[in-house]
Amino acid sequence: MAGGEINVSNVTVTLDEPNPENEQPTRAHIIVVGNAKGGSGKSTTAMHIIISLLTMGFKVGAIDLDGKQKTLGRYIENRQSYISKKKLQLAMPTLRVIEPSPKKNMDEAQSDERARFVAALQELVYENNFVVVDCPGADSFISKLGHSFADTLLTPMNDSFIDLDLLATVNGSSLEVEKPSWYSEMVWEQRKRRALIDNHKIDWVVMRNRLSHTDAHNKRHIEKILSKLASRISFRAAPGFGERVVFRELFLKGLTMLDLNKKGVGVKMSMSHVAARHELRHLIKSLNLPGIEDKVEKL
Ligand SMILES: Nc1ncnc2c1ncn2[C@@H]1O[C@H](COP(=O)(O)OP(=O)(O)O)[C@@H](O)[C@H]1O
Ligand SMILES: [Mg+2]
């Protein structure tokens with residue numbers, strides 16, 4: 001994939017063409033994990049995707065745009081500490097965290113954040129096969145900017161009508177989709193801009209997270225509405241993650257269930273880890289990422 005200009009909020013950002021001397025002349029595929037609110041599993045999903053890609057042997061860059069919470073940044077730093085402490089041979093991504101600007105003036109703060117984000121992207125995008133960008137869950141400038149660079153946009157949502165409402169208004173009695181949410185409109189806007197500039201189609205994938213193992217009725221309802229919504233606002237629905245302790249218990253060690261069978265890690269694999277691993281493999285397959293076909297069995 002070539003470099004190119006991407007226009008964001010009336011500002012054109014150029015990802016320079018890479019140095020021809022560079023061994024990897026094409027740019028990385030950019031996966032942006034974003035949605036309208038916090039707490040739906042963006043950082044958790046981003047980390048699990050990063051470790052999946054590393055496990056498949058790819059070089060991965062990670063950008064945490066939620067510099068205030070810095071969940072992804074801390075997850076990756078915890079991994080580095082654990083690796084050093086236990087002298088482990090585990091693959092690491094290259095991390096960049098974009099802290100919120102200390103500048104008081106809004107325009108200055110935005111250009112400061114933009115400059116640091118684009119510099120980080122520029123640095124990572126020609127050195128890696130994939131760059132995973134974790135967004136803050138709000139209608140912020142930096143989140144919009146992040147979305148505009150997506151080759152794949154992955155939106156995790158909790159399995160509830162409240163989260164569905166963040167994609168579109170749904171009629172309470174007919175369960176028909178009435179109108180897209182501000183978030184869906186924003187994604188639409190970024191897709192239009194991108195198509196005009198480099199003719200690139202952002203592949204938008206929505207996944208359900210923290211699926212309950214018991215509430216089958218609610219699950220079916222949401223599934224039905226989601227599939228109507230998918231054709232109305234053009235996303236693909238992907239298989240998601242169940243509500244499982246294994247998706248959060250390894251944060252302090254910076255690990256995921258994919259790391260557990262490696263030498264010296266010191267955490268025993270359980271049935272729940274195996275089930276979660278299966279869910280993760282399923283999700284990765286459905287993302288249709290370039291070059292992964294013959295590597296998925298490593299997961
Ligand atoms: N599938 C899951 N099962 C159990 N807990 C989860 C799951 N996904 C996320 N969590 C937990 O939910 C909380 C919010 O997740 P996080 O990834 O930080 O969301 P976001 O980045 O969207 O704010 C965290 O405590 C996280 O550990
Ligand atoms: Mg987060």
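The values are calculated or read from the model by the stated rules, or taken from the named source; none is laboratory data. All figures in this text were calculated on a predicted structure; none of them were measured in a lab. Reconstructed Cβ throughout: ideal geometry from the backbone, glycine too, with neighbour counts over all protein chains shown. Surface accessibility is based on the protein's heavy atoms, side chains included, excluding ligands, DNA and RNA. Shrake-Rupley method; radii C 1.70, N 1.55, O 1.52, S 1.80 Å.
The requirement of being touching a strand residue (DSSP E or B) at 6+ places or on another chain (Cβ under 8 Å), part of a loop (DSSP other than H, G, I, E, B) and of a type outside the set (Phe, Trp, Tyr) is fulfilled somewhere in segment 173-187, by at least one residue. Taking (1) open to solvent by 10 Å² or more (accessible area, probe 1.4 Å); (2) in contact with a Gly (Cβ under 8 Å, 6 or more places away or on another chain) in turn, GLY146 satisfies each apart from (1). Any residue in segment 61-87 that's buried (at least 16 other Cβ atoms within 10 Å of the Cβ): show its pairings with residues that are among the hydroxyl-bearing types (Ser, Thr, Tyr) and not in a helix (DSSP H, G or I) at Cβ separation under 8 Å, as long as the two are six or more apart or on different chains. Once the first residue is buried (at least 16 other Cβ atoms within 10 Å of the Cβ) and sits in segment 61-87, its partners that are among the hydroxyl-bearing types (Ser, Thr, Tyr) and not in a helix (DSSP H, G or I) give GLY61/THR94; ALA62/THR94. How many residues does segment 88-113 hold that are in contact (Cβ under 8 Å) with a residue 12 or more places away in the chain and either open to solvent by 80 Å² or more (accessible area, probe 1.4 Å) or assigned to a strand (DSSP E or B) (or both)? Qualifying residue count, segment 88-113: 6. If you go through segment 129-142 and keep only what is more than 16 Å from ligand 1 (Cβ to nearest atom) and either over 16 Å from the mean Cα position of the chain (by Cα) or surrounded by fewer than 19 Cβ atoms within 10 Å (Cβ to Cβ) (or both), you end up with just PHE141. Listed by first and then second residue, the pairs linking a residue in segment 265-292 that is in a helix (DSSP H, G or I) to a residue that is open to solvent by 70 Å² or more (accessible area, probe 1.4 Å), with Cβ atoms under 8 Å apart and 6 or more places separating them unless they lie on different chains, are SER272/VAL245; SER286/ARG236. Kindly evaluate ILE50 against the criterion of being within 16 Å of ligand 1 (Cβ to nearest atom), assigned to a helix (DSSP H, G or I) and either at pLDDT 95 or above or open to solvent by 10 Å² or more (accessible area, probe 1.4 Å) (or both). Judged against the criteria, ILE50 is a match. Taken together, the residues in segment 225-246 that are among the aromatic types (Phe, Trp, Tyr) and either within 16 Å of ligand 2 (Cβ to nearest atom) or over 25 Å from HIS48 (Cα atoms) (or both) amount to 1. Among the residues of segment 144-172, the one identified as modelled with pLDDT of 90 or more, closer than 25 Å to GLU223 by Cβ, touching a strand residue (DSSP E or B) at 6+ places or on another chain (Cβ under 6 Å) and in a loop (DSSP other than H, G, I, E, B) is ALA150.
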